[in-house]
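Notes follow the structure.
The values are calculated or read from the model by the stated rules, or taken from the named source; none is laboratory data. Owing to the predicted nature of the structure, the values given are computational and were not obtained by experimental measurement. Every residue, glycine among them, receives a Cβ derived from its backbone with ideal geometry; neighbour counts consider all protein chains shown. Side chains are part of the model used for accessible areas, which takes the heavy atoms of the whole protein and leaves out ligands, DNA and RNA. Shrake-Rupley method; radii C 1.70, N 1.55, O 1.52, S 1.80 Å.
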Amino acid sequence: MKWYLLLIFFIAETATAQSFERPYQDERRAYMEIGVGAGASKAGAAYTVKPLFLENTRLGWQVFLAPQVIVSPRINLGLRLGGVFRPKFTDLESNSELQGKFTPYGLLFGDYYFGAPGKRNTRFFIGLGGGGTYIGKLEARHLQTDEAYFLRRKDQDIFLTIVPRAGVVIGDLKIQVEHIVTTPFNPDITSITLSNTIPMGRRKYF
């Protein structure tokens with residue numbers, strides 16, 4: 001009887017280990033990540049060190065798709081396509097209030113996962129993305145004259161964007177905190193995102 005129980009235990013342990021050999025639970029290396037997030041910005045004071053709950057904090061949101069490839073048990077590389085809805089904010093440089101706008105972006109990114117996959121269903125990670133955000137023309141209203149007009153910041157449409165981030169993966173659910181820096185356009189946005197992964201390609205059957 002004892003050997004029978006030991007056999008069942010061994011089979012169960014082996015099946016569990018095989019379930020999480022890779023970060024996303026099967027042998028496929030290409031995945032599509034689909035995500036949505038909520039973000040907060042310190043309007044009119046993007047680069048000052050102040051808590052987000054102070055006056056003029058504005059809320060926005062973002063959506064994205066991110067095809068990616070597992071290049072090693074710890075590293076994913078991919079391309080993130082999406083955008084951020086930037087809420088209206090006071091712009092000190094132009095002495096105007098800029099109206100809200102959806103700004104699309106394209107980012108190359110890499111994620112580094114801590115801990116070997118093994119039997120872990122939960123893994124922490126850090127990541128970094130870089131690319132460009134299309135800002136284009138912005139609708140503005142002058143604070144003194146109340147005149148409405150359009151402007152282009154720095155006489156350009158596309159701005160460099162850097163996104164450091166950290167988070168945790170629980171099964172296929174990815175929870176992360178990221179700081180979106182689009183320079184020299186401000187304000188920065190701190191965002192919490194939730195995403196899920198969908199395997200790409202045909203699964204192998206043995």
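For the reader, a short list of remarks on this structure follows.
- Residues that are touching a Lys or Arg at 6+ places or on another chain (Cβ under 8 Å), over 29 Å from N95 (Cα atoms) and aliphatic (A, V, I, L, M), drawn from the range 150-188: V168, V169, V177
- Selected residue (criterion: nearest to the chain's Cα centre (by Cα)) from residues of the range 94-103 that are touching a residue at least 24 places away in the same chain (Cβ under 8 Å) and open to solvent by 30 Å² or more (accessible area, probe 1.4 Å): K101
- Considering only residues in the range 172-206 that are surrounded by fewer than 13 Cβ atoms within 10 Å (Cβ to Cβ) and not in a strand (DSSP E or B), the one that is modelled with the lowest pLDDT turns out to be F206.
- Inside the range 117-148, residues that are in a strand (DSSP E or B), in contact (Cβ under 8 Å) with a residue 12 or more places away in the chain and open to solvent by less than 70 Å² (accessible area, probe 1.4 Å) make up a count of 12.
- Output for the range 68-108, where each listed residue is within 18 Å of A38 (Cβ to Cβ) and in a loop (DSSP other than H, G, I, E, B): P87, K88, G100
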